[in-house]
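These notes are about the structure you will find just below.
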Amino acid sequence: MHERPNWRTSSHTRSDSCVGSGRQRAARTGGHQGAKLADVARRAGVSTGTVSNVLNRPDRVTEATRVTVEQAIARPVPLLGEPWPGVPARGRGASERADACWLPIAKGLTPHGLRHTHRTVMEDLGTEKVLMDERMGHIDGSISARYAHVTPGMRKRLMVGLTEQWEAALDARLAISPTSPVRVLGDLLRARSRSRLPAEPHQ
């Protein structure tokens, strides 16, 4: 479980003149808030449709294209410090205007890679294919798939399995240290630790 925000301070030193109004910030970021497919497409030298396919329909692209796009996703992203937690700096001289950079939190870890992980976890839990396809956003056009439907029981079994794995991960993290400097993880660890305490006898 990766905890430390992996920021790299840029050589650009912020001053009060760098902090503008909302309109100025919009101008500095190109009027957008958050990463865009167009940014990744430009870095990878492909279309936005290709980036979308890599993220949502990887079976439609070649392995080489998938790797190229994922490497573009993993590149450091120059960003402006405000509004928190930062927005990508775009346009000419973006790196010079940036206050910091977003870096991959682990080598090779990408959003699409996490989709692979989720699918593998579901396979390991014995999840029915129709439910896996639904969660992954895949469409099975086969004749047999037309007769398969997701049931409440399927969802409940998957929820139980995922919850057990989540709690096991928290227990493993608690064994390392009961606290974390990351607030959300620290709160989760405290809640998990309390839930493991023996119940006090009623007076």
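Assorted remarks:
- Qualifying residue in the range 80-98 (condition: assigned to a helix (DSSP H, G or I), modelled with pLDDT of 65 or more and hydrophobic (A, V, I, L, M, F, W, C)): yes
- Number of positions in the range 118-131 that are of a type outside the set (D, E, K, R) and exposed (fewer than 11 other Cβ atoms within 10 Å of the Cβ): 2
- From the list T151, T110, T163, the lone residue that is hydroxyl-bearing (S, T, Y) and modelled with pLDDT under 95 is T110.
- Selection status of S193, polar (S, T, N, Q), assigned to a helix (DSSP H, G or I) and either in contact with a Cys (Cβ under 9 Å, 6 or more places away or on another chain) or surrounded by 13 or more Cβ atoms within 10 Å (Cβ to Cβ) (or both): yes
- Among the residues making up the range 178-190, a single one is surrounded by fewer than 11 Cβ atoms within 10 Å (Cβ to Cβ) and outside any helix (DSSP H, G or I): P181.
- Note on the range 112-164: among residues that are among the small types (G, A, S) and in a helix (DSSP H, G or I), the one that is nearest to the chain's Cα centre (by Cα) is G113.
- Test: G49 is of a type outside the set (V, I, T), modelled with pLDDT of 75 or more and either closer than 30 Å to K156 by Cα or not in a strand (DSSP E or B) (or both): yes
- Output for the range 145-177, where each listed residue is among the basic types (K, R) and surrounded by 11 or more Cβ atoms within 10 Å (Cβ to Cβ): R155, R157, R173
- Scanning the range 12-28 for any residue that is among the hydroxyl-bearing types (S, T, Y), modelled with pLDDT of 75 or more, out of contact with any Leu (no Cβ under 6 Å at 6 or more places or on another chain) and over 30 Å from A175 (Cβ atoms) turns up nothing.
The values are calculated or read from the model by the stated rules, or taken from the named source; none is laboratory data. These figures come from a predicted structure and were not determined experimentally. All Cβ positions, even for glycine, are placed from backbone atoms using ideal geometry, and neighbour counts span all protein chains on display.
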